[in-house]
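These notes concern the structure reproduced below.
The values are calculated or read from the model by the stated rules, or taken from the named source; none is laboratory data. Computed from a predicted structure; not experimentally measured. Every residue, glycine as well, gets a Cβ built from its backbone with ideal geometry; the counts of neighbours run over all protein chains shown.
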């Protein structure tokens, strides 16, 4: 042992017996290190971050206030029981955008909701908004005082039928509905703001529509005059084929198009589909994010992960069964996205939410 170290120990530990005990302990540590070099002095190994509890989102087939009220009750009860997270997101997907036609005067815009037997009846934005107030009322009543939910009122970018829908105007009307729901939350007789937020949503998929028409909807939403409100929407869609460096995608899309509708447009936040069990979807979104930061822009801030495990379980064994590789569990989807984002310090981030969609009418 180094004589200067012995001298230093003598100065610090003048007591002879105490000095012997310390030297013996150091000797044992050195022996242990020689036998297993990684057992001491190595950095501690931290467990991977655990996936959060997930919520159930829905493909919605009704505008019934009472049905939505019960869904709000159920989520509030789950939070109280500890089976759902205290702070969560829920997506209500009302299907394809549509309208009542050129002769319509009032309540012209809405969606074709996911009714039983493949039907897609028209639901106006006003009817959808009324249904969402039921969910708000139920969650407020049954959830703990410190609970919070962000409700995503969603459509998609695939217009129902070929009825000359103006996507820009539909985006404007969707934003108007979100503003009205925010007015409802801020009613001084209903102090919902402390527990609830509401944003728009769009399941933007590359094969559903052209990038031009999809951008029109996004721009309509973004350019709606909401007064004192700043409105947002969550893109719970996909990025198939995205790579870094970027490549051309299907249906005339580019990665710049996906980046615009999911992040660069002022109201956009990504809540991406992470369906694929082999991690491909997570890697596609990470590739898009790397392309984005490589262009000198701020990294995409993902709100969470979006999976379809429950929906796949509901249609297993039917003609609508999910491909085997698209049945990610909520925990797996979240973990894949978190791992992909953390693979590069430029994109690493916290990932708050996990939600998994199911059918109201499988």
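Quick one: would you say residue 206 is in the same structural domain as residue 302 (by TED's automatic domain parsing) and exposed (fewer than 15 other Cβ atoms within 10 Å of the Cβ)?
no
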Quiz item: Do the conditions hold for residue 81, that is, is it free of Cβ contacts under 8 Å to residues at least 40 places away in the same chain and either under 18 Å from residue 195 (Cβ atoms) or surrounded by fewer than 22 Cβ atoms within 10 Å (Cβ to Cβ) (or both)?
Solution: yes
Exercise. Considering each residue of segment 205-228, count those that are within 15 Å of residue 160 (Cα to Cα) and more than 21 Å from the chain's Cα centre (by Cα), and give that number.
Key: 3
Practice problem: Taking residue 240 as the residue in question, decide whether it is part of a loop (DSSP other than H, G, I, E, B) and surrounded by 15 or more Cβ atoms within 10 Å (Cβ to Cβ). | Solution: yes
Quiz item: Pick from 48, 85, 97: which is part of a strand (DSSP E or B) and modelled with pLDDT of 50 or more?
Solution: 97
Quiz prompt | Test: residue 107 is at pLDDT below 95 and in the same structural domain as residue 159 (by TED's automatic domain parsing) | solution = yes
Quiz item: Hey, does segment 141-164 have a residue that's part of a helix (DSSP H, G or I) and closer than 16 Å to residue 69 by Cα?
Solution: yes
Quiz item: Can you tell which of 272, 246 is under 27 Å from residue 198 (Cβ atoms) and at pLDDT 95 or above?
Solution: 272
Quiz prompt | Among the residues listed as 139, 114, the single one being in contact with a helix residue (DSSP H, G or I) (Cβ under 8 Å, 6 or more places away or on another chain) and either assigned by TED's automatic domain parsing to the domain that holds residue 69 or at pLDDT below 95 (or both) | solution = 139
Exercise. Scan 209, 202, 182 and give me the residue that is part of a loop (DSSP other than H, G, I, E, B) and over 16 Å from residue 68 (Cβ atoms).
Key: 209
Quiz item: Any idea which of 193, 215 is surrounded by 18 or more Cβ atoms within 10 Å (Cβ to Cβ), assigned to a helix (DSSP H, G or I) and either in contact with a helix residue (DSSP H, G or I) (Cβ under 7 Å, 6 or more places away or on another chain) or at pLDDT below 95 (or both)?
Solution: 215
